[in-house]
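See below for the structure under consideration.
The values are calculated or read from the model by the stated rules, or taken from the named source; none is laboratory data. Just so it is clear, the model here is predicted, and its values are computed rather than measured. Cβ atoms come from the backbone with ideal geometry, glycine included; neighbour counts cover every protein chain shown. Note: areas computed on protein heavy atoms with side chains; ligands, DNA, RNA excluded. Shrake-Rupley method; radii C 1.70, N 1.55, O 1.52, S 1.80 Å.
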Amino acid sequence: MSARPSPSPARALCRRGVVAFGVFVGGLSGCGAHPRTSAPSAEDDRGRGAQVVLRGKETPAAGYDVLDYDASLRLVPETRAISGRVRISVKVRAASPTLDLAAEGMILDAVREGGDARAHGMQDGRLRIPLEGAAPGTTRTIEIAYHAWPSRGLRFGKDAVFTVFHTERWLPSSDLPGDKATLTLRLTAPAGLTVVASGDPVAREPLPEGLERHTFRLGIPHAAYLYGFAAGEFHEASRAAGKVGLRFLSTERSGADLERVFTGTEEMLRFFEGRAGVPYPFAHYTQVLVQGGSPQEVAGFAVLPADYAESVLSEPREDWMIAHELAHAWWGNLVTCAGWADFWLNEAFATFMVAAYKEQRWGADEYGREVLLARRSYGRIRQRGEDRALAFPGPVRAKDVSGPISYAKGSAVLYLLRHQLGERAFWAGVKAFVQDNAGGAVTSDALQAAMAAASGERLDGFFQQWVHGTGVPEVVVRHREEGRSLVFEVEQRQQGPWSFPLQLAVETDAGRESRTVAITAGRQEVRFPLAGALRSARADDGGHLPFAIEHPRPAPMLLQQLRHEPDVAGRADALERLSGLCRDAGETQECAAVHEAMRERAEDDTSRLVRKMAADALAP
Ligand SMILES: [Zn+2]
């Protein structure tokens with residue numbers, strides 16, 4: 001028998017999402033972190049009044065800053081083509097820069113400025129347009145006419161046409177995540193389709209030949225990778241969440257089904273707004289279910305795979321994907337990594353905020369489940385030899401940041417930071433991080449600064465170990481009784497001790513005591529008074545650490561822990577160890593008791609993760 005839980009359907013989807021994203025990032029190149037150098041510019045569109053504080057934008061090393069894209073595009077489903085033109089306005093920061101755009105697979109029809117043709121070069125999917133004579137401080141507008149049959153980035157699916165991450169496949173654009181700009185998108189499509197796109201709908205006009213033009217305006221600058229649209233013959237349900245109109249679209253599901261699938265959206269929105277301290281920035285939030293879609297955050301809406309609906313309808317706690325993409329509206333879309341080197345910030349926060357939402361919606365067991373799944377995923381990454389620092393020391397290409405590490409290790413590090421700082425300081429830091437940077441672009445230093453200010457700790461060691469460093473400490477805990485005391489001996493076996501908070505717990509027949517101690521040395525002892533007969537000694541009580549600790553315990557204590565540890569990590573850990581002990585032992589008396597306890601857990605545990613692990617462990 002095995003105590004390793006097989007991945008849940010949700011995790012399988014999650015991995016698909018990551019893989020899909022891996023494909024996405026592979027198509028982008030040549031961008032990295034740049035220090036913030038520009039003051040907030042006069043051209044910043046302030047969106048909906050003062051609701052969103054817009055900060056200075058990243059200035060690409062190239063010496064200009066994209067301010068606005070004004071695109072008029074025609075969608076031709078019969079030939080799977082897109083064609084049109086985009087006017088790109090840039091603020092010149094250095095004399096005579098070269099506009100360097102991602103334009104993968106595009107066929108250029110014209111490049112003009114003020115009606116005059118402009119010299120340009122197209123190589124390896126990059127369009128370069130020298131802005132000769134451009135003086136710093138001036139604004140230039142270049143018009144590019146083009147057409148394309150995108151093999152990626154735009155999917156002509158069974159039930160809908162929708163964009164998939166690769167903006168550069170349908171719109172020549174900057175692929176620096178920190179280079180945020182506003183967007184006007186005029187999309188001409190066959191008449192009668194419902195169209196959703198980044199920003200707010202402005203106009204819908206009939207055109208000759210059975211066509212319609214839909215116009216959208218994204219007035220709050222966003223990174224171009226967050227631009228997108230979806231068009232189809234959708235069923236629709238809608239609901240108001242305060243000032244925000246929620247829309248749910250699908251070609252398959254009825255309005256009533258959509259209401260049920262997305263029933264938690266309003267509560268999520270309120271929760272994220274509360275934690276961010278910044279209102280959701282748009283008048284609408286739309287969620288579109290499409291066949292063959294990957295989970296994807298877009299400015300003002302989200303695309304979700306159609307089959308995900310079934311998993312939420314059969315298990316409402318599988319609401320993670322809805323929460324993840326909505327969380328990006330703040331963490332990723334408003335507060336964006338300055339370069340791909342700090343991409344982990346986007347995904348770690350979206351993943352973390354899912355767990356935080358689930359904790360308040362479904363209880364501590366669901367938070368514990370997310371924490372444990374992240375720790376395990378990070379463990380598998382290390383086993384594969386794919387561990388790395390969350391933040392890269394210098395500029396990297398987008399394809400270098402693909403894979404699950406930003407999600408798994410990233411969220412595990414935030415779970416630990418929350419535990420280390422405590423509720424007040426941690427959430428104050430999260431709020432300051434969003435409020436100070438909404439509309440802007442950040443590096444890991446901005447997160448450290450916000451958390452340091454909120455907690456009064458510098459956190460250099462924490463960020464050095466967990467964000468800029470690689471690996472985890474190898475920790476062995478032993479416990480022994482000494483008279484009326486229980487002594488924990490904590491040993492770090494790796495070269496050079498790490499610093500981390502370790503929560504230790506002792507349970508006797510007189511009660512339970514749990515205490516967090518700062519581990520800073522290679523070997524430390526921690527003493528607890530024993531008020532009665534020892535039942536349980538526990539290292540990493542609550543399961544806050546991003547790695548597992550080795551802690552040998554006798555089977556009777558593990559049995560006690562399997563039944564009575566208050567947290568998911570404690571019961572899951574006992575279950576795995578007992579299952580390991582009895583895997584090859586046959587039906588000894590002790591293992592008969594273990595199997596009995598596992599059957600009990602499979603039936604009665606409050607956590608669906610522990611129930612599933614117990615059932616898997618018992619399966620022949
Ligand atoms: Zn994400």
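Brief remarks on what is shown
- Condition check for LEU618: surrounded by fewer than 18 Cβ atoms within 10 Å (Cβ to Cβ), within 25 Å of LEU502 (Cβ to Cβ) and modelled with pLDDT under 95: no
- Scanning region 61-75 for residues that are open to solvent by less than 30 Å² (accessible area, probe 1.4 Å) and hydrophobic (A, V, I, L, M, F, W, C) gives VAL66, LEU67, ALA71, LEU73, LEU75.
- Residues of region 511-551 satisfying the condition of being over 16 Å from ARG571 (Cβ atoms), part of a loop (DSSP other than H, G, I, E, B) and open to solvent by less than 70 Å² (accessible area, probe 1.4 Å): ALA521, GLY522, LEU530, GLY532, ALA533, LEU545, PRO546, PHE547
- Residue identified as farther than 24 Å from PRO305 by Cβ, open to solvent by less than 10 Å² (accessible area, probe 1.4 Å) and part of a strand (DSSP E or B) among PRO201, PRO206, PRO221: PRO221
- Within region 297-310, considering residues that are part of a helix (DSSP H, G or I) and away from the ligand (no atom under 16 Å from the Cβ), the one most open to solvent (accessible area, probe 1.4 Å): GLU310
- Across region 406-428, not a single residue is classified as open to solvent by 10 Å² or more (accessible area, probe 1.4 Å), more than 15 Å from the ligand (Cβ to nearest atom) and farther than 23 Å from MET451 by Cα.
- Only one of the listed residues (GLU252, GLU259, GLU267) is at pLDDT below 95 and either of a type outside the set (Gly, Ala, Ser) or open to solvent by 10 Å² or more (accessible area, probe 1.4 Å) (or both). That residue is GLU252.
- Members of region 270-296 that are in a helix (DSSP H, G or I) and open to solvent by less than 20 Å² (accessible area, probe 1.4 Å): PHE272, ALA276
- Of the residues making up region 332-344, none is open to solvent by 10 Å² or more (accessible area, probe 1.4 Å), at pLDDT 95 or above and out of contact with any Ser or Thr (no Cβ under 9 Å at 6 or more places or on another chain).
- Among the residues examined, GLU347 does not qualify as within 12 Å of the ligand (Cβ to nearest atom), at pLDDT 95 or above and in contact with a strand residue (DSSP E or B) (Cβ under 8 Å, 6 or more places away or on another chain).
- Unmet criterion (only one of (1) touching a residue at least 40 places away in the same chain (Cβ under 8 Å); (2) buried (at least 24 other Cβ atoms within 10 Å of the Cβ)) for VAL354: (1)
- Pairs are defined by a Cβ separation below 6 Å, a sequence spacing of at least 6 or placement on different chains, a first member in region 273-290 that is at positive phi, and a second member that is open to solvent by 30 Å² or more (accessible area, probe 1.4 Å); the pairs so defined are GLY277/LYS431; GLY277/GLN435.
- Residues of region 96-117 that turn out to be more than 18 Å from LEU171 (Cβ to Cβ) and surrounded by 13 or more Cβ atoms within 10 Å (Cβ to Cβ), as a count: 4
- Out of GLU236, GLU259, GLU209, one residue alone is acidic (Asp, Glu), touching a residue at least 40 places away in the same chain (Cβ under 8 Å) and farther than 16 Å from ASN333 by Cα. It is GLU236.
- ALA323 being touching a Phe, Trp or Tyr at 6+ places or on another chain (Cβ under 7 Å), over 25 Å from PHE229 (Cα atoms) and within 14 Å of the ligand (Cβ to nearest atom): no
- GLN561 meets each of the listed conditions (1) among the polar types (S, T, N, Q); (2) open to solvent by less than 40 Å² (accessible area, probe 1.4 Å); (3) modelled with pLDDT under 95 apart from (3).
- Filtering region 496-510 to residues that are outside any strand (DSSP E or B) and more than 15 Å from LEU486 (Cα to Cα) leaves GLY496, PRO497, TRP498, SER499.
- Filtered residues of region 370-405 (kept if farther than 17 Å from PHE547 by Cβ, outside any helix (DSSP H, G or I) and open to solvent by 40 Å² or more (accessible area, probe 1.4 Å)): PHE392, PRO393, PRO395, ARG397, SER402
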